[in-house]
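Colleague: Before we start, here is the structure in question, set down as structure tokens.
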Number of protein chains: 2
Amino acid sequence: MIEPYGRQRVVIEGVWPEIDGGRFPIKRVVGEPVVVEADVYCDGHDQVAGVLCWRRVPEPTWQETRLEYVENDRWRASFTVTAVGRWCYTLLAWVDRFQSWAHDLAKRVDAGQDVCVDLRIGAELVAAAAARASGADAERLAAIAAVLRDAGEAAVPLALSAELAALMWRHADRRFATAYDRELCVVVDPERARFSAWYELFPRSTAREPGRHGTFADVMARLPYVRDLGFDVLYLPPIHPIGRSFRKGRNNAPTAAPGDPGSPWAIGGPEGGHTAIHPELGTLDDFRRLVARARDLGIAVALDLAFQCSPDHPYVREHPEWFRWRPDGTIQYAENPPKKYQDIYPFDFETDAWRALWEELNRVVRFWIAQGVQIFRVDNPHTKPFAFWEWLIDDIKRDYPDTIFLAEAFTRPKVMYRLAKLGFSQSYTYFAWRQTKWELTQYLTELTETAAREFFRPNFWPNTPDILTEQLQQGGWPTFAARLVLAATLSSNYGIYGPAFELMENRPLEPGREEYLDSEKYEIKCWDWNRPTSLRELIARVNQIRRQNPALQSNAGLRFHAVDNDQLIAYSKQSADGGNLILVVVNLDPHYRQSGWLTLPLDALGLPAGGPYTVYDLLADARYHWQGPTNYVELNPHEQPAHIFLVQH
Amino acid sequence: MIEPYGRQRVVIEGVWPEIDGGRFPIKRVVGEPVVVEADVYCDGHDQVAGVLCWRRVPEPTWQETRLEYVENDRWRASFTVTAVGRWCYTLLAWVDRFQSWAHDLAKRVDAGQDVCVDLRIGAELVAAAAARASGADAERLAAIAAVLRDAGEAAVPLALSAELAALMWRHADRRFATAYDRELCVVVDPERARFSAWYELFPRSTAREPGRHGTFADVMARLPYVRDLGFDVLYLPPIHPIGRSFRKGRNNAPTAAPGDPGSPWAIGGPEGGHTAIHPELGTLDDFRRLVARARDLGIAVALDLAFQCSPDHPYVREHPEWFRWRPDGTIQYAENPPKKYQDIYPFDFETDAWRALWEELNRVVRFWIAQGVQIFRVDNPHTKPFAFWEWLIDDIKRDYPDTIFLAEAFTRPKVMYRLAKLGFSQSYTYFAWRQTKWELTQYLTELTETAAREFFRPNFWPNTPDILTEQLQQGGWPTFAARLVLAATLSSNYGIYGPAFELMENRPLEPGREEYLDSEKYEIKCWDWNRPTSLRELIARVNQIRRQNPALQSNAGLRFHAVDNDQLIAYSKQSADGGNLILVVVNLDPHYRQSGWLTLPLDALGLPAGGPYTVYDLLADARYHWQGPTNYVELNPHEQPAHIFLVQH
């Protein structure tokens, strides 16, 4: 029973967006709106009023936007986040005595009642507002109060005027206002967090001559290729010295043959650890030159954060307390019993020295940021403590709010979501294994229509160095093409591991496995980058379509549409302003021509109910004139596995 | 970065039940289980373990129940609330190093690996547990640690034994355990909060002779009638002195004629206010006698809490500061412009003296509790501040946890739910206006299958002194009978306003209105209680069926079933142990015989898929032998508008 609790009559609840009771921030990119809704009401029949309060951290001053009534005690307001960093929002609402009074006055007047006493009640409310106001507003309010008090019925028009309503709103009585008891956060990222096309390559496989170890200079020479394909993120697996102890051989052989280069994820050698560069790739200067040259071409270089060590990593010698020791005096290597990974020492995050370990890993990230890196692909984040990532990402983004972290976790659903909630800007997904129409529809509906849309930004990869799905192994060109179109149009963030993808590398380590045969993880490759059968042209065209069509730069406007054939999936994306509408139809069957009747919700899409409209296939440069909701579609996978239509009317 | 935050690897989230992030308690009655679920997981591949912690307030010591794994990182445990009052629960979970180790050890052994070092690691874990334990457990753990350390492979069976697992569970390493950051509450009510049958009557209309003002003695004489009908709550409209100023006449006439008794809700006169008794009803002693006699018959007397005053109420003179004053020196009466209720002064809960007002109203409740009243029907709670009710109900229930509050609010959905969340034990509902199969199914599904089931206990009334629906006005006996069966079997709490209901009073004030003609609210009635056409027998039978069948004493086991006729609604209720299964079929059409095919989910109901089962109509004393999921039903509303089947197999 403390003041003003007893007189705070307004309730604010059901606030959205709000993740886990405000425990986690939502995500936006610069320029996006944050639309906030809440149930706001009070006891009795009084009118309520309120504001959405928002500010950019660390600015202490709240901005306000007036809440507008929606329906069923629901209210709404929005603000736009105009810069990267953290923003906060909350709500404030109060009983609006003046509005309640004016509302009742109008009804009394309509009923022909004597309202002289009511006008005097209003005069008191207006006089109180005058006392709260200053300057011209105070003078005008005082004058109006006098009219209401003394002019009798003649004062009714002034009492109900828009001028008075506006003045009273500006000087509302907020003494007993209810403040929502939480400040909710928004992490605002650069636009690339929402819209990006990633290309992964192994730098050591970029040499033009077979057998030579690729260098940063070779990577630089490949940049025009990557740019021509239309990618804007170039992700490099670890570029650090590789351990020698227990080094794996080709095809993950337990022992390396002489000359085998080892896995780049076995980080650390005599030359250094997580802040050193593998000598055969070049120098730190070479790396900085690569980053700068890429930036000139519109490409951001993304590095791999793989927080683990080879037995030869300097940390092992300098910080034995960061590892788990076994009773036989050895360090615990990575295991997934009965499998053993003797070439990898995980950190022991339960060490008494966890603070120093956290600080050192923070230093690693800051080191690479100092070299110009803004994007990190984080290896297996689900095997390090959640609290660590939450702290690390928050700490880094306080100083470098432009930084983007992609979580490479392929694990259980709740763990995937937790990592996104606690700060990862983008996340790998189950896309590679969602292949049927039902699976894709279910999964995308979950990602785009549940609370996940507020914190989980999917990044769709049809392949990775670890994932060559059975579908890709067997489906040939139609499947590679279809999966590319699906990834690039279902998700505004997507990526491929190349040039394995565009060259349609499809040989598994052995039947039933998803690993590549002769994987680049364990050997240096010399790819035939310019092979005529490459998917280069298709990829370049799809990326160009993405850049030219805002609808494909977000997942917000995704809708699935009915086709009476389970081998054909159809969906549209619409830009926020409704002005750009893309319709995609994909044949999921790599073998046979499939056809069916596609039905669109014309009204929801803003298409004419009666008249004709045009669908222009941006891939095939073909134009169709459609009419009404239901139209015929047909795709021969050997000619064209997908339509990407621009819908025009 | 404070200890042990950095090493708390376990996440606890998605806890259920939890209302609005723990802001409000859930509700149970004595003897019910509280089943708690949560997502519990950690990074990496370690096993987690945890407990549900619970205690009865104010006992400080937590009891623990081990969490059991469900699926998809979801865990579950439960406890039973064995007494009225407040209970709390929360969760605690940790990484179970021992279980993780044992799990891996088994896999290593299966793979034929050398596990000598692993056994020594286990020995360290067991020795650490021995240090945490004491007595026999400590000795046994130390002994086992020695075996694991020294016995080599021979120690494997002991390492994986149930004995060691149990010991290690008892002495688990909880140093880095994660405690869920909220304590969640349960308000435990007496069983009547969940299962009750209410009968409302106007004491002044209970005299046997026309024209005489009924007394508590007359009410006492009616108690056997109420008991024979099978009701266990007798709710009396306000029994206090009635104001004279602006008293309403018959049929709510603006002016009372001489001798008009006025509305009992215009509380307060020279004889006193909310703690006084209307002199014509009798004395406080008479009232106490009534309460005691009712209790002997198994009936609880419920009083009306109508926190408002007539202009003649002593508060008006003694506490003018509790009312809102107008500029003309009068007190603001109740209004819903343009309607005016000059006979009612609402309290001004925004008064500076709100604390004293709250305390006085608290005193009123305590006064009646001291007279033996345990149940209150609260008039229009939605017109008083939410914070007031939350404080009042909590404060009363701290001293009298047996008290039951029924919220008489017929207002917007979110307000209805808010009142329930903040403490009301039961709530009036929209039942009176939910009449079609679709409406009833939707509404009951919302009440029984959403979060509302945890805090909102519906009380279904087919009529009240203010609500004579058009359906009841026009449907005759079939509708009265059907609505009774629906109310009494859909909701474990229900009530009727009698004898208007059983005598099928159906004359509205005027066409299109829901008020009764010649309403008891404004005049004294002399009912023909024993009229042969009364629904007495049906009501008594239905209430007997409710008492004899546990399935009808809760809403937890409600399921709707398909009938291929929209005029027939079918649903079943099953007791928590599955042993009692009631199937209800109601003909919603008061005019015509309706028939259809009813389909039951045999497996879900525990009925034989192939064999026969019996449905015994408890209303008609008729037995049918059914087989398979789909059977024929037919109801002639003029003979029998509903089946209440006991399903047996």
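Colleague: Among the residues of region A:578-613, which ones are polar (S, T, N, Q) and closer than 21 Å to A:D564 by Cα?
Modeller: If the condition is that a residue be polar (S, T, N, Q) and closer than 21 Å to A:D564 by Cα, then A:N587, A:Q594, A:S595, A:T599 are the ones that fit.
Colleague: Would you mention how many residues in region A:152-206 are under 21 Å from A:F24 (Cα atoms) and assigned to a loop (DSSP other than H, G, I, E, B)?
Modeller: Number satisfying all stated conditions: 6.
Colleague: In addition: Would you tally the residues in region B:68-84 being in contact with a helix residue (DSSP H, G or I) (Cβ under 7 Å, 6 or more places away or on another chain) and either more than 14 Å from chain A (Cβ to nearest Cβ) or under 14 Å from B:V36 (Cβ atoms) (or both)?
Modeller: Residues flagged as in contact with a helix residue (DSSP H, G or I) (Cβ under 7 Å, 6 or more places away or on another chain) and either more than 14 Å from chain A (Cβ to nearest Cβ) or under 14 Å from B:V36 (Cβ atoms) (or both) within region B:68-84 amount to 0.
Colleague: Would a scan of region A:174-185 turn up a residue that is in contact (Cβ under 8 Å) with a residue 40 or more places away in the chain, among the β-branched types (V, I, T) and closer than 30 Å to A:V36 by Cα?
Modeller: Yes, region A:174-185 contains a residue that is in contact (Cβ under 8 Å) with a residue 40 or more places away in the chain, among the β-branched types (V, I, T) and closer than 30 Å to A:V36 by Cα.
Colleague: Still on this structure: Determine which member of the set B:A93, B:A123, B:A83 is under 46 Å from the mean Cα position of the chain (by Cα), buried (at least 18 other Cβ atoms within 10 Å of the Cβ) and touching a residue at least 24 places away in the same chain (Cβ under 8 Å).
Modeller: Numbers: B:A123 fails: under 46 Å from the mean Cα position of the chain (by Cα); B:A83 fails: buried (at least 18 other Cβ atoms within 10 Å of the Cβ).
So the residue among B:A93, B:A123, B:A83 that is under 46 Å from the mean Cα position of the chain (by Cα), buried (at least 18 other Cβ atoms within 10 Å of the Cβ) and touching a residue at least 24 places away in the same chain (Cβ under 8 Å) is B:A93.
Colleague: Tell me the residue from A:P327, A:P254, A:P258 that is within 14 Å of chain B (Cβ to nearest Cβ), over 32 Å from the mean Cα position of the chain (by Cα) and assigned to a loop (DSSP other than H, G, I, E, B), please.
Modeller: Selected residue: A:P327, the only one of A:P327, A:P254, A:P258 that is within 14 Å of chain B (Cβ to nearest Cβ), over 32 Å from the mean Cα position of the chain (by Cα) and assigned to a loop (DSSP other than H, G, I, E, B).
Residues are listed down the side, and each one gets a yes or a no for (1) closer than 19 Å to B:P270 by Cα; (2) in contact with a helix residue (DSSP H, G or I) (Cβ under 8 Å, 6 or more places away or on another chain); (3) not assigned by TED's automatic domain parsing to the domain that holds B:N380:
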site: B:R317; (1), (2), (3): yes, no, yes
site: B:P320; (1), (2), (3): yes, no, yes
site: B:F323; (1), (2), (3): yes, yes, yes
site: B:R326; (1), (2), (3): no, yes, yes
site: B:A334; (1), (2), (3): no, no, yes
site: B:P338; (1), (2), (3): no, yes, yes
site: B:Q342; (1), (2), (3): yes, no, yes
site: B:W358; (1), (2), (3): no, yes, no
site: B:N362; (1), (2), (3): no, yes, no
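Colleague: Right, here's the next one. Looking only at region A:517-565, which residues are under 19 Å from A:P458 (Cβ atoms) and without any contact (Cβ under 8 Å) to a residue 24 or more places away in the chain?
Modeller: A:G557 - this is the single residue of region A:517-565 that is under 19 Å from A:P458 (Cβ atoms) and without any contact (Cβ under 8 Å) to a residue 24 or more places away in the chain.
Colleague: So B:E446 ticks every box in (1) closer than 27 Å to B:P641 by Cα; (2) more than 14 Å from chain A (Cβ to nearest Cβ) but one. Which box is left unticked?
Modeller: Answer for B:E446: the failing condition is (2).
Colleague: Can you name every residue in region A:1-59 that is part of a helix (DSSP H, G or I) and open to solvent by less than 10 Å² (accessible area, probe 1.4 Å)?
Modeller: Passing the criteria: only A:G6.
Colleague: Give me the residue from region A:60-71 that is over 27 Å from the mean Cα position of the chain (by Cα) and part of a strand (DSSP E or B) and, out of that set, surrounded by the fewest Cβ atoms within 10 Å (Cβ to Cβ).
Modeller: Looking at the filtered set, the residue picked out is A:E71.
Colleague: Let me ask something else. Residues A:W368, A:W433: which one is open to solvent by 10 Å² or more (accessible area, probe 1.4 Å) and more than 14 Å from chain B (Cβ to nearest Cβ)?
Modeller: Only one candidate passes the filter, namely A:W433.
Colleague: Another question about this same structure. Kindly list the number of the only condition in (1) touching a Gly at 6+ places or on another chain (Cβ under 7 Å); (2) open to solvent by less than 30 Å² (accessible area, probe 1.4 Å) that fails for B:G214.
Modeller: (1)
Colleague: Is it the case that B:G21 is out of contact with any Phe, Trp or Tyr (no Cβ under 7 Å at 6 or more places or on another chain) and facing chain A (nearest Cβ under 9 Å)? Quick ask: steps written out before the conclusion?
Modeller: Working: out of contact with any Phe, Trp or Tyr (no Cβ under 7 Å at 6 or more places or on another chain): yes; facing chain A (nearest Cβ under 9 Å): yes.
For B:G21, the condition - out of contact with any Phe, Trp or Tyr (no Cβ under 7 Å at 6 or more places or on another chain) and facing chain A (nearest Cβ under 9 Å) - is met.
Colleague: Can you pull out the residues in region B:174-192 that are open to solvent by less than 50 Å² (accessible area, probe 1.4 Å) and within 14 Å of another protein chain (Cβ to nearest Cβ)?
Modeller: B:F176, B:A177, B:T178, B:Y180, B:L184
Colleague: Within region B:42-60, track down each residue that is in contact with a helix residue (DSSP H, G or I) (Cβ under 6 Å, 6 or more places away or on another chain) and either more than 13 Å from chain A (Cβ to nearest Cβ) or of a type outside the set (D, E, K, R) (or both).
Modeller: Listed by number, the residues that qualify are B:G44, B:Q47.
Colleague: Could you say which residue among A:G557, A:G578, A:G610 is modelled with pLDDT under 95, farther than 30 Å from A:E470 by Cα and open to solvent by less than 30 Å² (accessible area, probe 1.4 Å)?
Modeller: Residue meeting the stated conditions: A:G557.
Colleague: Okay, moving on. Considering region B:330-357 alone, what residues qualify as being more than 7 Å from chain A (Cβ to nearest Cβ) and either among the hydrophobic types (A, V, I, L, M, F, W, C) or touching a Ser or Thr at 6+ places or on another chain (Cβ under 9 Å) (or both)?
Modeller: Across region B:330-357, the qualifying residues are B:I331, B:A334, B:Q342, B:D343, B:I344, B:Y345, B:P346, B:F347, B:F349, B:A353, B:A356, B:L357.
Colleague: Let me ask something additional. Select from region B:379-408 the residues that are within 15 Å of the chain's Cα centre (by Cα) and under 14 Å from B:D304 (Cβ atoms) and write down the one among them that is nearest to the other protein chains (Cβ to nearest Cβ).
Modeller: B:A407
Colleague: Give B:G495, B:G475 a once-over and let me know the one that is surrounded by 18 or more Cβ atoms within 10 Å (Cβ to Cβ) and touching a Phe, Trp or Tyr at 6+ places or on another chain (Cβ under 8 Å). Talk me through it step by step, then tell me what you get.
Modeller: Numbers: B:G475 fails: touching a Phe, Trp or Tyr at 6+ places or on another chain (Cβ under 8 Å).
Exactly one residue qualifies, and that residue is B:G495.
Colleague: Looking at A:I404, A:I375, which is the one that is crowded, with 17+ Cβ neighbours inside 10 Å, touching a helix residue (DSSP H, G or I) at 6+ places or on another chain (Cβ under 6 Å) and not assigned by TED's automatic domain parsing to the domain that holds A:V57?
Modeller: A:I404
Colleague: Within region A:460-467, does at least one residue satisfy the condition of being in contact (Cβ under 8 Å) with a residue 24 or more places away in the chain, assigned to a helix (DSSP H, G or I), out of contact with any His (no Cβ under 7 Å at 6 or more places or on another chain) and of a type in the set (D, E)? Walk me through how you get there before you give the answer.
Modeller: Step one: list which residues in region A:460-467 are in contact (Cβ under 8 Å) with a residue 24 or more places away in the chain, which gives A:460-467.
With the extra rule that they be assigned to a helix (DSSP H, G or I), the set shrinks to none.
Looking for residues that are in contact (Cβ under 8 Å) with a residue 24 or more places away in the chain, assigned to a helix (DSSP H, G or I), out of contact with any His (no Cβ under 7 Å at 6 or more places or on another chain) and of a type in the set (D, E), one finds none in region A:460-467, hence no.
Colleague: Additional query: Can you name the condition, by its number, that B:E32 falls short on among (1) touching a Phe, Trp or Tyr at 6+ places or on another chain (Cβ under 6 Å); (2) away from every other protein chain (no Cβ under 14 Å); (3) not basic (K, R)?
Modeller: Exception for B:E32: condition (1).
Colleague: Give just the number: which of (1) within 14 Å of chain B (Cβ to nearest Cβ); (2) of a type outside the set (S, T, Y); (3) more than 33 Å from the chain's Cα centre (by Cα); (4) closer than 18 Å to A:F388 by Cβ does A:H319 not satisfy?
Modeller: Going through (1) within 14 Å of chain B (Cβ to nearest Cβ); (2) of a type outside the set (S, T, Y); (3) more than 33 Å from the chain's Cα centre (by Cα); (4) closer than 18 Å to A:F388 by Cβ one by one, A:H319 breaks only (1).
Colleague: Kindly establish whether B:P279 is surrounded by fewer than 16 Cβ atoms within 10 Å (Cβ to Cβ) and without any contact (Cβ under 8 Å) to a residue 12 or more places away in the chain.
Modeller: Criteria not met by B:P279.
Table: residues versus (1) closer than 25 Å to A:A38 by Cβ; (2) part of a helix (DSSP H, G or I).
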{"residue": "A:C88", "(1), (2)": "yes, no"}
{"residue": "A:A102", "(1), (2)": "yes, yes"}
{"residue": "A:V109", "(1), (2)": "no, yes"}
{"residue": "A:A129", "(1), (2)": "no, yes"}
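Colleague: I need the full set of residues from region A:433-459 which are in contact (Cβ under 8 Å) with a residue 40 or more places away in the chain, closer than 30 Å to A:V187 by Cα and part of a helix (DSSP H, G or I), in order please.
Modeller: A:L440, A:T441, A:L444, A:T445, A:L447, A:T448, A:A451, A:R453, A:E454 - these are the residues of region A:433-459 that are in contact (Cβ under 8 Å) with a residue 40 or more places away in the chain, closer than 30 Å to A:V187 by Cα and part of a helix (DSSP H, G or I).
The values are calculated or read from the model by the stated rules, or taken from the named source; none is laboratory data. Quick caveat: nothing in here was measured; it's all calculated off a predicted structure. All Cβ positions, even for glycine, are placed from backbone atoms using ideal geometry, and neighbour counts span all protein chains on display. Just the protein is used for accessible areas: all its heavy atoms, side chains included, with ligands, DNA and RNA removed. Shrake-Rupley method; radii C 1.70, N 1.55, O 1.52, S 1.80 Å.
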